[in-house]
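Since the structure comes first, as structure tokens, the remarks are kept for the end.
The values are calculated or read from the model by the stated rules, or taken from the named source; none is laboratory data. None of the values given here were measured: they were computed from a predicted structure. With ideal geometry, Cβ positions are generated from the backbone for all residues, glycine too; neighbour counts draw on all protein chains shown. These accessible areas exclude ligands, DNA and RNA; they are computed on the full protein's heavy atoms, side chains included. Shrake-Rupley method; radii C 1.70, N 1.55, O 1.52, S 1.80 Å.
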Amino acid sequence: MSTTEPDDAKLTFAGMTAQVKRYILRALRFPLSWGVPEGDGEPISERPHLFRLDARRLRDRIIRAEHMIRCLIIWRAFRMTRDEGVEPVTSHLPTPPAFPALRESVRPVHPLFAPRGEPLFAPRPPAFRISMPEPRSEDAPCRSERSAREPQGRWVRPRMDDLVCNDVLYLRLERLDALFDEVDTRAGRLAARWAGYCQPQAAVDTSPSCNKNGDDLPSFWPPSAGAPPSSLIRPLKSHDPPHDLLENASEEECEDLHILHDVAFRAAESFPALCG
């Protein structure tokens, strides 16, 4: 991370929004710069093949851009609630099924379709979520430890000069513009849900959040039956961005990731006080 002072313009919401847009444009131009033509003299297609090394570089750029958009949404949700006010929306948590859902059996591929070599299902990108997953437990075995215990079979290491064309990766890349344009819309929905989560706590007179002396305890979610888990209002699980987001990122991008993550983390921490 840079030791120089960040530009004051980047410390504003408008300034950081402009920065995120720049990173999205860089990611969108990446395949045009590093894509491999399908033949001699052929122009680069919209979804060109990439060397495996470059596909991983593109994936890292996409993940960083998605996280920046996530932080913008959280920051905007806080600003909406603080400056504009939002109407709380009561949101019920989904109830898990009593029994595991049965997986639908897949019928055989139609014999006239099979020779075409097309995918059986249309590819789609993974869902974009505001809340990051919980960090992996330190006690959980790492991938290398698991693989060491598995039977050893014939395995060929993937080469970085292998040509790949990952449709899901391109769908994820092409979705960045839409996610960026939906920052205000998604922030409004998020702020309304968070305000709804905080609403019932303000209506309780004898809340467990107060001790016997009447002093407020430093807890936004007092333990009570039916209370939503704290992760719903703490979407970023650590004060610093995850280490894998910073790998192979430029100095400027690392700095911007730290700024955005820090602002979003503090915004989520401060949000319940706005609804109290």
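Matching residues to (1) under 27 Å from MET132 (Cβ atoms); (2) of a type in the set (Ser, Thr, Tyr); (3) modelled with pLDDT under 95:
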site	(1), (2), (3)
GLU5	no, no, yes
MET68	yes, no, no
SER91	yes, yes, yes
PRO97	yes, no, yes
PRO108	no, no, yes
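Quickly run through region 12-38 and pick out the residues that are under 19 Å from the mean Cα position of the chain (by Cα) and among the basic types (Lys, Arg).
Correct list: LYS21, ARG22, ARG26.
Given the conditions (1) at pLDDT below 95; (2) within 21 Å of ARG64 (Cα to Cα); (3) not aromatic (Phe, Trp, Tyr), which single one is not true for CYS254?
Of everything listed in (1) at pLDDT below 95; (2) within 21 Å of ARG64 (Cα to Cα); (3) not aromatic (Phe, Trp, Tyr), CYS254 misses just condition (1).
Hey, could you check region 153-194 for residues that are aromatic (Phe, Trp, Tyr) and over 26 Å from ARG124 (Cα atoms) and say which is most open to solvent (accessible area, probe 1.4 Å)? Spell out how you get there, then give the answer.
We begin by selecting, within region 153-194, every residue aromatic (Phe, Trp, Tyr); these are 155, 170, 180, 194.
Those left that are additionally over 26 Å from ARG124 (Cα atoms): 155, 194.
Details: TRP155: 182, TRP194: 5 Å².
Among residues in region 153-194 that are aromatic (Phe, Trp, Tyr) and over 26 Å from ARG124 (Cα atoms), the one most open to solvent (accessible area, probe 1.4 Å) is TRP155.
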